[in-house]
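What follows draws every value from the coordinates through simple rules; no lab data is involved. Predicted model only: the values in this text are computed from it and were never measured. Positions of Cβ are backbone-derived with ideal geometry, glycine not excepted, and every protein chain shown enters the neighbour counts.
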Amino acid sequence: MIIDFHTHIFPTDVLINRELYIDDPGFKLLYSSKKSVIVDQIGLSDYISANELYGAAAMSFPWIDEKRCMRHNEYMASISGDNTFPFGIIPISGNRSVRAYTEDIKKQGLSGIGEIAFYSHGMNNIAMKFLHEVLEASSEFSLPVCIHLNEPVGHQYPGKYEPSLFQVYELIKDVPAVVVILSHWGGGLFFYELMPEVRENLKNVFYDTAAAPYIYSDSIYEAALKIVKPEKIIFGSDYPLLGVNRYKNSIEEKIESTDDRKKIFIENAKRILKI
């Protein structure tokens, strides 16, 4: 069985009236083209059923507008079920404290916070201050946090920005108790776990596989296993951008141990989600 830990869904109105949301710079960057597929809970449920998944963690979108964040959270809370584990989102410039929004997400029964991303302005000082507040509040309310981190080198694509790996590392080091999932292999941050002090400071950090087929060769799986334990790698597809079938054969070919694959495909997710 498999839990897809990195999927994206939107409230149904966003699917129907996409053009009304293009004023958000991040949404415009990623979804202004009708070729960019977006789905709601129905689409995710169909994906789970068609691929016989145990379930999926569903990420919210980092809207600039506070009201859109709140509506997205309300939608996520309304669709939480046996095989869907929705994450909530916090506005970067809301009218309340980050702690207050985090407490709301906890009370709504959502499974975590994310996917936090800074598509508009990158990881500037405002973003770093906000991220630190999110980590502190998430630690207090025992909520995992999913952060978008892309690789700092290579080809450009919509949504890619300077990931500021050093600054992100320092923030996580400052709030060590919070469980953090760094998307897209953490932009390569896992490599630095070869350094003993980094390994210790990132002991509660997981790395998801989202979008790996677009970025890395299949050797990424073998390389990651040599650096970090399988307990720190978590399967995520970035659905609907990609689905489980784009990953499954590569993972099964490159990771020979059935126990290791089981941890990556489901056990680590269950441990994070406390199920």
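General remarks:
- Applied to segment 32-47, the Karplus parametrisation 6.51 cos²θ - 1.76 cosθ + 1.60 on θ = phi - 60° returns per-residue 3J(HN,Hα) values of 5, 7, 5, 6, 7, 6, 10, 9, 9, 4, 4, x, 5, 4, 4, 5 Hz, with x for Gly and Pro.
- Mean Cα-pair separation over length for segment 3-273, i.e. relative contact order, pairs under 8 Å, 6 or more apart, %: 18
- Sorted from greatest to least, the principal axis extents spanned by the alpha carbons of segment 37-187 come out as 40, 38, 29 Å.
- Overall form of segment 41-106: prolate. Here a/c, set by the Cα gyration tensor axes a ≥ b ≥ c, is 1.5 or more, and a/b is the larger of a/b and b/c.
- Scalar couplings 3J(HN,Hα) for segment 66-78, obtained by applying the Karplus form with A = 6.51, B = -1.76, C = 1.60 to θ = phi - 60°, are 4, 5, 5, 4, 5, 5, 5, 5, 4, 5, 4, 5, 6 Hz; x denotes Gly and Pro.
- Under 16 Å from the Glu253 label point (7 Å along Cα→beta-carbon), backbone N, segment 201-236: 212-223
- Over all other residues within a Cβ to Cβ distance under 9 Å of His6, the charged ones net out to -4, with Lys and Arg as +1 and Asp and Glu as -1.
- Interchain or long-range residues, amide H under 5 Å from Phe206's placed H: Val180, Ile181, Leu182
- For the chain, the Kirkwood estimate of the hydrodynamic radius, built from every pair of different alpha carbons, is 18.6 Å.
- Here the 3J(HN,Hα) profile of segment 165-182, calculated from phi with Karplus coefficients 6.51, -1.76 and 1.60 at θ = phi - 60°, is 4, 4, 5, 4, 4, 5, 5, 5, 4, 6, 10, x, 7, 6, 7, 10, 10, 8 Hz, Gly and Pro shown as x.
- Sparse-neighbourhood loop sites, GluC sites (Glu not before Pro) in segment 195-275 - DSSP loop, at most 15 other Cβ within 10 angstrom: Glu256
- Under 5 Å, built H, 5+ apart or other chain: amide partners of Ala57: Asp4, Phe5, His6, Thr7, Phe85
- Listed peptides 50-59, 242-251, 206-215 by packing density, highest first (mean Cβ within 10 Å): 206-215, 50-59, 242-251
- In a DSSP loop and with at most 10 other Cβ atoms within 10 Å, the trypsin sites (Lys or Arg not before Pro) in segment 8-101 are Lys34, Lys35.
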